[in-house]
Structures are given as structure tokens and as C-alpha cells.
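What follows is a set of notes on a single structure, which appears directly below.
The values are calculated or read from the model by the stated rules, or taken from the named source; none is laboratory data. None of these values were measured; they are calculated from a predicted model. Because the Cβ atoms are built from the backbone with ideal geometry, glycine has one as well, and the counts that use them run over all protein chains shown.
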Amino acid sequence: MQLTPAQAQVARKWIEDGAKLSDFQRKLETEFGIKLTYMEVRILVDDLKVVPKDPDPPKAPEPAPAPAAAPAPDAAAAIVDPSAAPAAPAGAQVKVVVDSITRPGAIASGSVTFTDGQTAQWYLDQSGRFGMVPPTKGYRPSEADLQQFQVTLDRELQKLGI
């Protein structure tokens, strides 16, 4: 696939500005009317002599603030934070299941049930990238659940030799 010099310049700018290959592929189709497969897009990016930027690494979590002193027993009203997540039941565990038939394009996949009862699908692709797809858009498990999930998933993948 050959682009005109003007199109090539615009396409280089998209990649240099941090567009992912899927975004780049979408822009080629919407802006220039050029529909390419993902592999053709990868070859085109190589032909343009640009390298897509790696995503910024996630920031290390900040340490939890020290617990605040408990209010005096004679406090008239309790302070309630409506955005606070409900506490997990005592003894609740994150349950990780590894699929017996792996998703296409993945080296491992499965499901997870968090302590709040929410579930999500997870996968590890052939490039070693991890992904999780919750059934509820915007759902975020608690930090404690994520840590327990990572440990449990690591243990399960070690059993499989991954």
C-alpha cells in the first residue's frame, strides 16, 4: 500500500503523537478511505519508518494513608461515605478459573470472581500482555481483590507451566 507524500506525512504524525495501531488503522479508513488489515497496517508503519510509542508504564500505587483516629464515642452522628465500597464478607476469596479451551489469540484465558460477587473474563495474549473484560462497563475491583487475583492467577499459571 502506497500513500501519497502528504498522506504519509499525516500518517507519520499520528504514530508520533502516540496513536495505537488500531487507532491508526481506524484513522486511515475514516480520513483517507483506505481499509487495511491489521497486518497491512503493521507493514505500512514499518514502511513509513516510524515506531509506535509504548504506553506509559503504570504509576506505582501510593501508600495507603495512616488510619484516622476513631471519633469520640459521644459523637452524635456517624460520617458515611456513600462512594465507599462495601466491605468483603469475612473469609471471602477471589476465585480464578483457567479455561480448558483457551480463547483464540491467547496463551491462557479464564474468568475471575471477586469478593463482591462481580466476575470478569481475563486473558494473557501471545505477546505476554494481560487483559481483563468485566461484564459491567467501568467496574473496578478493590485493590485488595486485584492483589489477591494476581497472586492466585500466578499460582494457577505456574501449575500450567506458563
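Brief remarks follow.
- Within segment 93-108, considering residues that are in a loop (DSSP other than H, G, I, E, B) and aliphatic (A, V, I, L, M), the one surrounded by the fewest Cβ atoms within 10 Å (Cβ to Cβ): Ile101
- All positions within segment 109-145 that are without any contact (Cβ under 8 Å) to a residue 12 or more places away in the chain and either surrounded by 16 or more Cβ atoms within 10 Å (Cβ to Cβ) or in a strand (DSSP E or B) (or both): Phe130, Gly131
- Residue in segment 81-95 that is on the phi > 0 side of the Ramachandran plot, modelled with pLDDT of 85 or more and touching an Asp or Glu at 6+ places or on another chain (Cβ under 7 Å) present: no
- Checking each residue in segment 1-27 for being more than 31 Å from the chain's Cα centre (by Cα), farther than 16 Å from Thr37 by Cα and not in a helix (DSSP H, G or I) picks out only Thr4.
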